[in-house]
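Step one of this worksheet: look at the structure below.
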Amino acid sequence: MSPGALTNDAAAVALHPKEEEPPTLYKGLDAQELKAKCDKHMLHYGSSFHKDVITGARGLYIYTASGHRILDWTSGQMSCLLGHGHPEIVKVIVDHAMYLDHLFSGMVSPPVLSLGERLCNALPAGLDKAFFLSTGGESNEAAIKMAKVYTGKFEVVGLGASWHGMTAQALGAQYHYGRKGHGPNMPGMLMLPSPNAYRSMFRKPDGSYDWEAELNHGWQMIDLQSCGSLAACIVECIQSSAGMHVLPPGYLKALKKHCEARGMLLIVDEAQTGVGRCGDFMAIEHEDVVPDIVTLSKTLGNGLPLSAVVTSAEIDRVCVERDYMFYTTHINDPLPAAVGDKVLEVVQRDGLVAHARQLGAVLHDGLRKLQSRYGCIGDVRGRGLMAGVEIVLDRETKAPALDLAKAIGDHAYELGLWANLSSHPSFGGTFRIAPPITVTASQLEEGLAILEKAFAETEGSMPLY
């Protein structure tokens, strides 16, 4: 397929033709019976289960046990970068399940070596060596431990409203949700203010966001709290779980300078922003910043458990000397590595980074048009094929409208669109939109039309026309 071919809707239709009936392994199941089994046997893990049981997924669509087809604007859990059931990914999975699936953790295999080479060659110089794990939390855990071993220090700085995972050190640097109810978190964890351009109290005389004053104030507070053992700062370029807040231009460079002045490493978590979704291969490239460590997950595995830690040869050398160890059962497993290698191949071969940039403009134009039509939309933000739409009761006060946002989201789902609504109060009632980057213009228009209908038919959306 030639670069940019997926801008042609006909090509995408050929890749994922619309079936006469839902693509599923599970036909004829009773939706109510499945729901009853869920209520009886499934253990709670911090999120309510969705009302529908999903029995099929293909391309940009998911299918429920009751036969409902839904356009998936969140790529599963923000992970299916190339869409569900991509035929080349399926073939890689089948081939490696049959011939090269899992090995002793000290062994390496061709797909691992190929993924390491392809990934490091695609990244800026200074990000030269990689290993591969299963989840984003695991990769952030490994990166934080690496920074501590390399620097010989233990304090870690995170951003307010951040999300880095459920393991101990990743959770300790996470200031959004999940910190309560289990006693002390890891020692030495410190927080900078969340760079929320929409709601921050730091303002210039003209009312614009003064992120530099906010960031400098944050570091003054860090320096007062620190015991003199600052090891690393970990950050997302777009804080997705917080409601799709984008780091302001210049923020990441300033953050790196603060880290360098204190002898700290900068870790960038590219779980959702990496591999093209934001219109650059990596979000760090948008700001022309090379961090000390990059972590990847979600998008790299196209829905399979695959994550990566990438750093410099020098950091690797020092960590070897100091007996750094992060040995897991599934480190450098061949099957998921082969999938990741194929994901990178497809993204590069088919020009999907440029495609995400072009289609991102279509998405954001459409969302801003909705904002001009409905007074409940307080803010539209994001970059590329990542977008946040924040719902408010009043644009002047910016008071969150959680109930209204839920009503709009529920109606959109009924109409055939899944756009994840951040429902926790700290999210502010924001739709998080991140479709697969294989999405076509017609599929974006389909989703925008459904979203408009949901706004138009939900009481309280404040039509402006």
Sole residue being farther than 27 Å from residue 233 by Cα, in contact with a strand residue (DSSP E or B) (Cβ under 7 Å, 6 or more places away or on another chain) and open to solvent by 40 Å² or more (accessible area, probe 1.4 Å), chosen from 349, 357, 368: 368
task: Check the stretch 169-177 and report whether any residue there is more than 17 Å from the chain's Cα centre (by Cα) and more than 17 Å from residue 233 (Cα to Cα).
output: no
message: Here's a check for you: in the stretch 147-182, which residue that is open to solvent by 10 Å² or more (accessible area, probe 1.4 Å) and hydrophobic (A, V, I, L, M, F, W, C) is nearest to residue 135 (Cα to Cα)?
response: 166
- line: With criteria (1) without any contact (Cβ under 8 Å) to a residue 40 or more places away in the chain; (2) closer than 28 Å to residue 302 by Cα; (3) of a type in the set (Lys, Arg), residue 368 comes up short on (2)
query: Only one of (1) open to solvent by 50 Å² or more (accessible area, probe 1.4 Å); (2) at positive phi is not met by residue 224, so which one is it?
result: (2)
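Results for (1) more than 30 Å from residue 131 (Cα to Cα); (2) part of a loop (DSSP other than H, G, I, E, B); (3) aliphatic (A, V, I, L, M); (4) modelled with pLDDT under 90, shown as yes or no for each residue.
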| residue | (1), (2), (3), (4) |
| --- | --- |
| 39 | yes, no, no, yes |
| 44 | yes, yes, no, yes |
| 49 | yes, yes, no, yes |
| 71 | yes, no, yes, no |
| 81 | no, yes, yes, no |
| 88 | no, no, no, no |
| 93 | no, no, yes, no |
| 97 | no, no, yes, no |
| 104 | no, yes, no, no |
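Restricting to the stretch 190-219, name every residue that is aliphatic (A, V, I, L, M), within 17 Å of residue 164 (Cα to Cα) and open to solvent by 30 Å² or more (accessible area, probe 1.4 Å). Steps first, answer last, please.
Within the stretch 190-219, the subset aliphatic (A, V, I, L, M) is 190-192, 197, 201, 213, 215.
Going one step further and asking which of them are within 17 Å of residue 164 (Cα to Cα), we end up with 190-192.
Once the filter is applied, which keeps residues that are aliphatic (A, V, I, L, M), within 17 Å of residue 164 (Cα to Cα) and open to solvent by 30 Å² or more (accessible area, probe 1.4 Å), the stretch 190-219 yields only 191.
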field: The one condition in (1) touching a residue at least 60 places away in the same chain (Cβ under 8 Å); (2) out of contact with any helix residue (DSSP H, G or I) (no Cβ under 7 Å at 6 or more places or on another chain) that residue 79 fails to fulfil
entry: (2)
- line: the stretch 184-289: helices (runs of 4 or more DSSP H) wholly inside it with 2 or more residues that are modelled with pLDDT of 95 or more, closer than 30 Å to residue 392 by Cβ and aliphatic (A, V, I, L, M) are 211-225, 251-261
- prompt: Quick check, is residue 129 basic (Lys, Arg), within 14 Å of residue 326 (Cβ to Cβ) and open to solvent by less than 60 Å² (accessible area, probe 1.4 Å)?
  reply: no
- request: Taking residue 106 as meeting all but one of (1) surrounded by fewer than 18 Cβ atoms within 10 Å (Cβ to Cβ); (2) in contact with an Asp or Glu (Cβ under 8 Å, 6 or more places away or on another chain), write down the number of the exception.
  value: (2)
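The values are calculated or read from the model by the stated rules, or taken from the named source; none is laboratory data. What you see is a predicted model; the values in this text were computed from it and never measured. Every residue, glycine as well, gets a Cβ built from its backbone with ideal geometry; the counts of neighbours run over all protein chains shown. Keep in mind that these areas ignore ligands, DNA and RNA; they rest on the heavy atoms of the full protein, side chains included. Shrake-Rupley method; radii C 1.70, N 1.55, O 1.52, S 1.80 Å.
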